[in-house]
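The next block holds one structure in the form of structure tokens; read it before the comments.
What follows is calculated from the coordinates using simple rules that are stated; it is not laboratory data. Quantities reported herein were computed from a predicted structural model and do not represent experimental measurements. Counting neighbours? That spans all protein chains shown, and the Cβs are built from the backbone with ideal geometry, glycine included.
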Amino acid sequence: MKKILALMLLTILTGNSIINAQRADFNVIPMPKEVKADSIQMFILRQGMGVSFDASNPEIYRNVQFLCEWVEQMTGIKLQLTPNDKKAAIRMTLEAPAKSKKGEAVAELTAQQQEAYTIKVDKKGVAIQARKPEGLFRAAQTLRKALPVVKEKTEQVELPYAEISDEPRFEYRGVLLDCGRHFYNVDFIKKFIDVMALHGCNQFHWHLTEDQGWRFEVKAYPNLAPKGSVRAETVLAHGYSRIFDGIPYGGYYTQDECREVVRYAAERYVNVVPEIDLPGHMQSALHVFPNLGCTGGPYPVRTYWGVSREVLCGGNPETLTFLKTVLGELCDVFPSKYIHIGGDECPKDRWKECEKCQAKIKELGLKSDGKHSAENQLQSYINREVEAFMKERGRDIIGWDEILEGGLSGSSIVMSWRGTKGGIAAARQGHRVIMSPNVYSYIDHPQLKEPRKQPHTTDGYTVTASKIHSFEPLIPDSLSEEQQRLILGPQVNLWTEHIAYPQHAFFQLLPRLGASSEVQWCRPEQKDFEQFKKRLPRLKAIYDLLGVKYCNEIE
Ligand code: ACM
Ligand code: ZN
């Protein structure tokens with residue numbers, strides 16, 4: 001006790017960290033909803049202190065293990081597991097479920113409340129409370145990010161007395177990784193998920209199929225992934241040159257690997273939303289099954305970027321059989337309540353000339369109504385068939401905003417990427433929406449205005465961290481409060497045409513994911529980009545610790 005007082009006095013006198021101890025700062029990224037912290041009174045966390053928890057709950061045990069691992073990684077302090085010890089320095093507890101006066105359980109928690117938590121630091125130590133284990137995980141991440149990264153591993157760290165109360169703003173906080181254009185192995189995917197969880201993101205949108213590569217094993221079609229995943233070569237640089245590297249490129253995920261990713265992500269409270277992009281972006285599948293195309297092929301797995309005119313034939317009944325078989329297996333592997341069916345960039349050139357497509361349009365009685373062409377309505381017909389099939393399996397479909405173009409049905413969720421227009425239109429029609437407008441969310445684009453400061457990537461426009469940070473997903477000028485409630489949340493997208501290497505992927509992602517995490521987690525009145533910049537160094541220190549590249553400058 002005397003020693004603590006002496007240390008505190010020294011802290012007050014120097015107004016700074018004491019020798020051989022460093023101070024935590026709860027102003028992390030994303031900024032918690034409420035942080036009240038003392039600048040004078042400190043709890044000193046030391047080697048060997050205990051962490052208590054409910055030993056009968058394996059999920060809490062797992063979260064305690066994460067916390068111990070992170071504390072040691074950051075500071076060198078090894079904590080001891082002291083289950084059910086009310087006097088331990090760190091105490092992780094679940095609050096009892098709320099009951100009404102009559103003792104009945106009260107209304108179910110919202111998704112955001114399930115992630116809420118409090119942290120209290122006082123002379124007794126650190127009390128972490130949440131209503132669900134997920135909240136304890138989020139709290140452990142906050143504590144992790146608050147700690148200093150101590151290079152000379154220390155014996156003790158100062159935690160300011162504090163009261164933190166936190167809860168995310170949006171229930172859906174997504175990040176897309178395009179594994180179609182370039183393949184990333186499972187170890188990378190796990191690290192990507194770790195980085196997402198560090199930022200409080202909870203939806204990993206896994207883009208698994210593309211013209212340039214089919215990455216998901218389908219047992220009913222044993223040739224699909226082995227053949228559809230391999231392109232003969234890849235176009236160099238921007239691709240305008242049509243100069244190719246001459247090197248075959250491939251890779252796919254077995255279903256066992258996908259299940260392993262789902263398991264790993266779930267332990268970090270990240271849901272995996274798989275995407276099979278249909279009926280466009282399917283040239284890799286057409287390579288294996290040319291009969292599913294309008295012209296019959298042959299179709300090479302595409303070796304360059306851009307939008308392909310070769311899409312699944314909308315009039316061939318085998319197309320739906322194929323899609324249902326693939327999606328059926330996808331549902332067996334991925335438990336997500338959301339399944340993404342793409343729907344973007346499906347040119348109708350072939351459908352306009354295809355006898356089968358035109359016969360189907362006639363059979364269905366589809367006619368251009370001025371707003372939607374008959375061919376767009378044929379795509380809507382496919383979407384509806386797929387949606388009904390997914391409903392039978394208890395899943396909701398998400399589609400890119402093109403799915404609005406032939407008329408949108410049922411409970412489809414629209415992912416707005418061509419700006420916010422599609423999202424606004426969908427919410428006005430009563431559909432749920434994920435906001436991912438390209439100019440605020442496409443992190444394949446450069447993050448700095450000066451091209452020479454960053455690796456070559458998708459050109460067109462710049463998506464700076466400040467631009468991302470400024471995004472307001474509810475579009476209050478255009479949507480009523482009721483319509484705003486249909487916005488599930490925002491997402492950033494990492495397309496990988498020009499990103500062939502894992503460290504380049506992290507460079508594109510970071511620290512822009514930090515900026516995006518504040519759009520996903522924080523209320524608008526809390527967001528302050530200048531403050532964000534001041535809080536960033538500590539997050540960068542964690543990136544260094546994890547060995548992931550990031551862009552050191554931000555604009
Ligand atoms: C997209 O960027 N084509 C969804
Ligand atoms: Zn056709």
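So the values come out like this:
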| quantity | calculated |
| --- | --- |
| Angle in degrees between helix 317-333 and the longest Cα principal axis of the chain, rounded to the nearest 10 | 20 |
| With Cα atoms, 0 to 90° folded angle of helix 512-521 axis to the chain main axis | 80 |
| Loop trypsin sites (Lys or Arg not before Pro), segment 152-186, which have at most 16 other Cβ atoms in a 10 Å radius of their Cβ (DSSP) | LYS153 |
| Cα-centred dipole magnitude for the chain, charges only on beta-carbon of K, R (+1) and D, E (-1), debye, nearest 20 | 1420 |
| Likely footprinting exposure, PHE532, PHE289, PHE244, fewest C-beta neighbours within 10 Å first | PHE244, PHE289, PHE532 |
| Segment 195-206 - phi-based ³J(HN,Hα) in whole Hz, Karplus 6.51/-1.76/1.60, Gly and Pro as x | 5, 4, 5, 4, 9, x, 7, 10, 9, 9, 8, 9 |
| Segment 138-155 - phi-based ³J(HN,Hα) in whole Hz, Karplus 6.51/-1.76/1.60, Gly and Pro as x | 4, 5, 4, 5, 5, 4, 4, 6, 6, 6, x, 7, 9, 5, 7, 3, 9, 8 |
| Relative contact order of segment 9-156, defined on C-alpha pairs under 8 angstrom at six or more residues apart (%) | 32 |
| In segment 355-406, the trypsin sites (Lys or Arg not before Pro) that fall in loop regions by DSSP, at most 14 other Cβ within 10 Å | LYS367, LYS371, ARG393 |
| Rounded tilt (10° steps) of 255-267 against the dominant C-alpha axis of the chain | 30 |
| Selected from ILE382, VAL311, HIS456, residue furthest toward positive end of dipole (the chain; charges at beta carbon) | HIS456 |
| For THR303, THR75, order by how many other beta-carbon atoms lie within 10 Å, fewest first | THR303, THR75 |
| Global form of segment 478-545, assessed from the alpha-carbon gyration tensor, a/c cut-off 1.5 | oblate |
| For the chain, share of DSSP beta bridges that run antiparallel, in % to the nearest 5 | 40 |
| Helical mean residue ellipticity (222 nm; -39500 (n - 2.57) per DSSP H run of 4+; nearest 500) of the chain | -10500 deg cm²/dmol |
| Contact order normalised by residue count of segment 104-149, Cα under 8 Å, 6+ apart, percent | 31 |
| Over the chain, relative contact order from alpha-carbon pairs under 8 Å, at least 6 apart, % | 14 |
| Exposure proxy ranking, count of Cβ atoms within 10 Å, fewest first, for CYS258, CYS354 | CYS354, CYS258 |
| Amide H within-cut-off set for PHE43, under 5 Å, with H built and near neighbours excluded | LEU159, TYR161 |
| Where GluC sites (Glu not before Pro) fall in DSSP loop in segment 97-159, at most 12 other Cβ within 10 Å | GLU104, GLU108, GLU152 |
